There are 2 protein chains.
Amino acid sequence: MPGSKTDLRVIRTKEAIRDALIELIDEKGFEAITVKDITTRAKINRGTFYAHYQDKFDLMTKCEEEIMLEMSRIVKQNFPSVIDSLEMDSPTVPPFPLTVSLFEYLNKNSDIMKAVLGPKGDLSFQTRLKEFMWETLYGNNPNSMVKEENFLVPAQYLASYMGTAKIGVIQQWLNSGRKESPQEMARILTTITVNGPLFAAGLKK
Amino acid sequence: MPGSKTDLRVIRTKEAIRDALIELIDEKGFEAITVKDITTRAKINRGTFYAHYQDKFDLMTKCEEEIMLEMSRIVKQNFPSVIDSLEMDSPTVPPFPLTVSLFEYLNKNSDIMKAVLGPKGDLSFQTRLKEFMWETLYGNNPNSMVKEENFLVPAQYLASYMGTAKIGVIQQWLNSGRKESPQEMARILTTITVNGPLFAAGLKK
DNA sequence: CAATAAATACACACCGTGTTGTTTATTATG
DNA sequence: CATAATAAACAACACGGTGTGTATTTATTG
């Protein structure tokens, strides 16, 4: 497995592979892609691909790893104690720094984010992202926001509800062309969460 | 393409194929399955499979079609005007007949529902289901519950939020062993939606 | 029991996979 | 600067699943 992170050949190859992957996900969907597709598009030999990655899943996993790391970094940057976060982004007072930062990241990397989170994307990544949010909300840590006390429903379902809901909004935003700014999206997401969907829809309680 | 819907051979074959599919999705995930896997497991000739379905995607699509039809039927049965529904299941008063009916259906067919909605399931189906909910909530029909007026956020995002949130709760229930009854799940889901996630979590508004 | 239709057995070309051995490019050193 | 050492990129190969076609056997219906 080639490793030299400064070798120009390696850098070129990996970049070409990654770009080809993103393009192809957009075109045919992740599961329809073959390694041959990728290497043809990237204009490299198929063998070269296998020198770097085990298969297309390995490639995908490694791309996603980068994303997850970067998102964790953003969360930590805004909330060094890691985890009060997400829901706790000063519920009522703009500018919701964490949520804005996350949407800005999504915006900057919208090509790949749209690819993996889109309807032809990678289910396993969506599952991982969901688990990341679930853990953040409900996981075994002293700061988790959803505690098993004073709740009207089992906390695990609350965590699922909130986690998937947020992902759903992100997906809708990405797939409908990102017409709103990250700031606006942060406001939207926070408003729904804090007020509750029905009230946010303008219905009386 | 064999057609006689009363021919016992056809019925047996289709059932065997369907059962094999569900088992295999659970074991290896949909995309890892080969037609050969299915026919071996179903103990039929591979040629027979192609007599009934074009490929594994065709098979999957047809299974999913049944599910969608049945769910639409349940919705219509509870709300003949089709669509006030889903959210509108008498928000505060049990027993939430529509939601209970849906969970009972999911419960009865938990094998296949877990397979398609699970982490190794079929993303395209999850997308379709999401669209179904989205349309139900927001689509172009006079009864859609989310109207573009009096809202605090764009309606499309509200619809995405609620749609995916509900699916998320269903997935969590299926994947954690369905320990709660359909009635209990209906209460949980309605409570979160009506009260809003934060309040349902026991936080002050 | 005859007619019919489904299921099987077998064979074929095709394509993507993953691996192996060879060639070519980069880098480090005398 | 030249050249050996290293490692990346490439070409060729064997394997397994796919989809299709055809002849044959087995089961169902009238």
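Filter the stretch B:13-25 down to the residues that are open to solvent by less than 90 Å² (accessible area, probe 1.4 Å) and more than 11 Å from DNA strand D (Cβ to nearest atom) and list them by number. Matches in the stretch B:13-25: B:LYS14, B:ALA16, B:ILE17, B:ARG18, B:ASP19, B:ALA20, B:LEU21, B:ILE22, B:GLU23, B:LEU24, B:ILE25. Please verify whether A:SER85 is in the same structural domain as A:THR136 (by TED's automatic domain parsing), modelled with pLDDT under 90, among the polar types (S, T, N, Q) and buried (at least 17 other Cβ atoms within 10 Å of the Cβ), treating the condition exactly as stated. Spelling it out, A:SER85 is indeed in the same structural domain as A:THR136 (by TED's automatic domain parsing), modelled with pLDDT under 90, among the polar types (S, T, N, Q) and buried (at least 17 other Cβ atoms within 10 Å of the Cβ). On the given criteria, is A:GLY29 away from DNA strand D (no atom under 11 Å from the Cβ) and either within 27 Å of A:THR99 (Cβ to Cβ) or modelled with pLDDT under 95 (or both)? So A:GLY29 passes the test. Selection of the stretch B:1-36 for residues being within 14 Å of chain A (Cβ to nearest Cβ) and within 12 Å of DNA strand C (Cβ to nearest atom) yields B:GLU31, B:ALA32, B:THR34. Residues that are surrounded by fewer than 23 Cβ atoms within 10 Å (Cβ to Cβ) and aliphatic (A, V, I, L, M) within the stretch A:189-200 comprise A:VAL194, A:LEU198, listed in sequence order.
Among the residues making up the stretch B:33-57, those that are of a type in the set (Gly, Ala, Ser) and within 12 Å of DNA strand D (Cβ to nearest atom) are B:GLY47, B:ALA51. Is it the case that the stretch B:58-74 has a residue that's open to solvent by 60 Å² or more (accessible area, probe 1.4 Å) and either within 16 Å of DNA strand D (Cβ to nearest atom) or at pLDDT 95 or above (or both)? Yes, because at least one residue in the stretch B:58-74 is open to solvent by 60 Å² or more (accessible area, probe 1.4 Å) and either within 16 Å of DNA strand D (Cβ to nearest atom) or at pLDDT 95 or above (or both). Determine whether A:VAL10 is part of a loop (DSSP other than H, G, I, E, B) and either at pLDDT below 90 or within 15 Å of DNA strand D (Cβ to nearest atom) (or both). No: the conditions fail for A:VAL10. Just one residue in the set B:ARG46, B:ARG41 is crowded, with 17+ Cβ neighbours inside 10 Å and more than 23 Å from A:GLY29 (Cα to Cα); that residue is B:ARG41. Being closer than 21 Å to A:PHE132 by Cα, assigned to a helix (DSSP H, G or I) and modelled with pLDDT of 90 or more is a condition met by at least one residue of the stretch B:174-191.
Among residues of the stretch A:177-202 that are within 7 Å of chain B (Cβ to nearest Cβ), those with a Cβ under 8 angstrom from a residue that is acidic (Asp, Glu), sequence gap 6+ or separate chain, pair up as A:ILE188/A:GLU180; A:THR193/A:GLU87; A:PRO197/B:GLU87; A:LEU198/B:GLU87; A:GLY202/B:GLU149. When B:ALA32, B:ALA20, B:ALA42 are checked against the criterion of being among the hydrophobic types (A, V, I, L, M, F, W, C) and farther than 17 Å from B:GLY118 by Cα, a single residue qualifies: B:ALA42.
Only one of the numbered conditions (1) within 13 Å of DNA strand D (Cβ to nearest atom); (2) modelled with pLDDT of 95 or more; (3) open to solvent by 50 Å² or more (accessible area, probe 1.4 Å) is not met by B:LYS108, and that is (1).
The values are calculated or read from the model by the stated rules, or taken from the named source; none is laboratory data. Given the structure is predicted, the values throughout are model-derived calculations rather than measurements. A quick note on method: Cβ atoms are made from the backbone with ideal geometry, for glycine too, and the neighbour counts reach across all protein chains shown. With ligands, DNA and RNA removed, areas are computed over all heavy atoms of the protein, side chains included. Shrake-Rupley method; radii C 1.70, N 1.55, O 1.52, S 1.80 Å.
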